[in-house]
1. Residues of the stretch A:27-58 with the amide nitrogen closer than 15 Å to a label point 7 Å from the Cα of A:Lys69, along Cα-to-Cβ, please.
2. How high is the relative contact order of chain A, given as a whole-number percent (alpha carbon pairs under 8 Å, six or more residues apart)?
3. A:Leu48's amide H: which non-local residues (gap 5+, or another chain) put their own amide H closer than 5 Å, with H modeled 1.01 Å from N in plane and none for Pro or chain starts?
4. Please report, in debye to the nearest 20, how large the charge dipole of the stretch A:43-117 is about its Cα centre when each Lys and Arg carries +1 at its beta carbon and each Asp and Glu carries -1 there.
5. Given a cut-off of under 8 Å on Cα pairs at least six residues apart, what relative contact order in percent is computed for the stretch A:58-103?
6. Counting only pairs 8 or more residues apart or on different chains, how many lysine pairs in the protein assembly as shown have their Cα atoms under 25 Å apart?
7. Multiply the residue separation of B:Arg96 and B:Leu114 by 0.36 nm, subtract the distance between their alpha-carbon atoms, and state the gained length in nm to one decimal.
8. Which chymotrypsin sites (Phe, Trp or Tyr not before Pro) in the stretch A:31-116 sit in a loop by DSSP (not H, G, I, E or B) and have at most 16 other Cβ atoms within 10 Å of their own Cβ?
Amino acid sequence: AQSVTQLGSHVSVSEGALVLLRCNYSSSVPPYLFWYVQYPNQGLQLLLKYTSAATLVKGINGFEAEFKKSETSFHLTKPSAHMSDAAEYFCAVSDRDYGGATNKLIFGTGTLLAVQP
Amino acid sequence: EAQVTQNPRYLITVTGKKLTVTCSQNMNHEYMSWYRQDPGLGLRQIYYSMNVEVTDKGDVPEGYKVSRKEKRNFPLILESPSPNQTSLYFCASSPRGRGPDTQYFGPGTRLTVL
């Protein structure tokens, strides 16, 4: 079964510092992976997704993630944190059945990012 | 504007009082889904629908019902709500019936069951 693990439920960085949010997946086949962001009192917004094309995926707001099969990881990074990046971030993997990938998402437990001035 | 809407956004109710949370999308998407979000658990799928009149259980369907009579609407029904259904609920939709499409999420409905 597909699953994702997000290490660190809370991450705090200083404004201008590197953001690194960790996500490891478990999948028996090449996965489809997603990062979503949730700002306070809002729904989820897609940051980026990996669907077996380029291993380095660039998303919105300066975020990117690298798919590393050998490490079963899909960590999210941003070179320089901004105050507006404070939010909760979710890693997710597409579930699969006999027919292949489905639209069902298996989510990690989320990482709350705080950005200190 | 392409969007998924949910109503109500906030609801406080009492145990056993039937309620419906509506979800509507204006993107002509085939796939719609309901998730609940609980602290420390992330989002978990309750029910989904691949198309009109086609629905199926997700991972946590107990205590919930859904229907898909029209393509744009996918209401979530709690026949007899209980306090353990206090949660933040999200409706989502995506273009096709299957495949790793981007899912578009509604703004969420915060439900409290007393």
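1. Backbone N within reach: A:27-33, A:51-56.
2. Values: 293 pairs, mean separation 42.5, N = 117.
Normalised by residue count, the contact order of chain A is 36 percent.
3. A:Trp35
4. On the way: 7 positive and 7 negative charges, 32 e Å.
It comes to approximately 160 debye.
5. Working: 29 pairs, mean separation 9.7, N = 46.
Relative contact order for the stretch A:58-103 comes out at 21 percent.
6. Final tally of qualifying lysine pairs is 27.
7. Values: separation 18, 0.36 × 18 = 6.48 nm, distance 3.77 nm.
Contour length minus Cα-Cα distance gives 2.7 nm.
8. Values: sites: A:Tyr32, A:Phe34, A:Trp35, A:Tyr36, A:Tyr50, A:Phe63, A:Phe67, A:Phe74, A:Tyr89, A:Phe90, A:Tyr98, A:Phe107; in loops: A:Tyr32, A:Phe63, A:Tyr98.
Sites meeting the loop and neighbour criteria: A:Tyr98.
Since every read-out is calculated from the coordinates, none of them should be taken as a lab result. Note that the coordinates shown come from a computational prediction; the quantities given were computed from them, not determined experimentally. Methodologically, a virtual Cβ is constructed for each residue, glycine included, from the backbone with ideal geometry; neighbour enumeration extends over all protein chains shown.
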